[in-house]
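The values are calculated or read from the model by the stated rules, or taken from the named source; none is laboratory data. None of these values were measured; they are calculated from a predicted model. Cβ placement follows ideal geometry from the backbone for every residue including glycine, while neighbour counts extend to all protein chains displayed. Calculation scope for accessible area: heavy atoms of the full protein, side chains included, ligands and nucleic acids excluded. Shrake-Rupley method; radii C 1.70, N 1.55, O 1.52, S 1.80 Å.
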Amino acid sequence: MSNERIGLYGGSFDPVHLGHLLLAEMAREQYALDRVVFMPAGQPPHKQNKTMTPAEDRYRMLRLAVDGNPAFEVSRFELDRKEVSYTIDTLRHMQGENPGAELFFLMGADMFIDLPNWREAREVCRLMTPIYAPRP
């Protein structure tokens, strides 16, 4: 059993930008996270009808953006799924991969406000602690 504190940062990252990296680093420092795992979405449910940069390009851009920060990593979990990515599935996967770890989920305030509408919202809240930041 681990007592690791892991920040999960989901999103389309289309494109990844300095604001994403700043939020991740500030959350890592403020909440004493051992690491932050960026989880680029493959097929986000709220962007089904939007054109997105191809997943592999977003993944490579994100890898380049976090390179050099040993506390940051990029997961392929959501990208490699063939179905729509829901946060509950990602949380269950990460919990299984990291038994005993405390999971935190980084998001913008707009996503936090919508949290009650997420699939299995109660279970999502049981499995993680939200960290959110305002957006302009």
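In this structure ARG81 has an accessible area near 40 Å², from a 1.4 Å probe over the protein heavy atoms. Computed log10 I(q)/I(0) for segment 1-40 at 0.20, 0.30 Å⁻¹: -0.59, -1.04, from the Debye equation with unit scatterers placed on every C-alpha and solvent omitted.
Modelled spin-label separation between ILE113 and GLU73, with each label point placed 7 Å from Cα along the Cα-to-Cβ direction: 3.5 nm.
Average projection, convex hull of the Cα set of segment 64-110: 4.8 square nanometres. Only DSSP H runs of four or more residues enter the estimate; each adds -39500 (n - 2.57), and after division by the residues of the chain the mean residue ellipticity at 222 nm equals -11000 deg cm²/dmol. Computed from point charges on the beta carbon alone (+1 for Lys and Arg, -1 for Asp and Glu), the dipole magnitude for the chain about its Cα centre is near 240 Debye.
Scalar couplings 3J(HN,Hα) for segment 70-81, obtained by applying the Karplus form with A = 6.51, B = -1.76, C = 1.60 to θ = phi - 60°, are x, 8, 10, 9, 10, 9, 9, 3, 6, 5, 7, 6 Hz; x denotes Gly and Pro. Using the Cα coordinates of segment 1-102, the gyration tensor eigenvalues translate into equivalent-ellipsoid semi-axes of 22, 18, 11 Å, sorted from longest to shortest. Here each label is just a point 7 Å from Cα along the line to Cβ, and for THR53 and GLU102 those points are 3.4 nm apart. In the neighborhood of PHE77, defined by Cβ-to-Cβ distances under 10 Å, what is the net charge if each Lys or Arg adds +1 and each Asp or Glu adds -1? Residues close to PHE77 contribute a combined charge of -2. Taking segment 44-136, how much of its Cα-Cα pair set, in percent, is spaced more than 18 angstrom apart? Here the tail beyond 18 Å accounts for 56 percent of pairs. In segment 1-126, the portion of solvent-accessible area held by carbon and sulfur atoms comes to 51 percent [1.4 Å probe, whole percent, DNA, RNA and ligands not counted].
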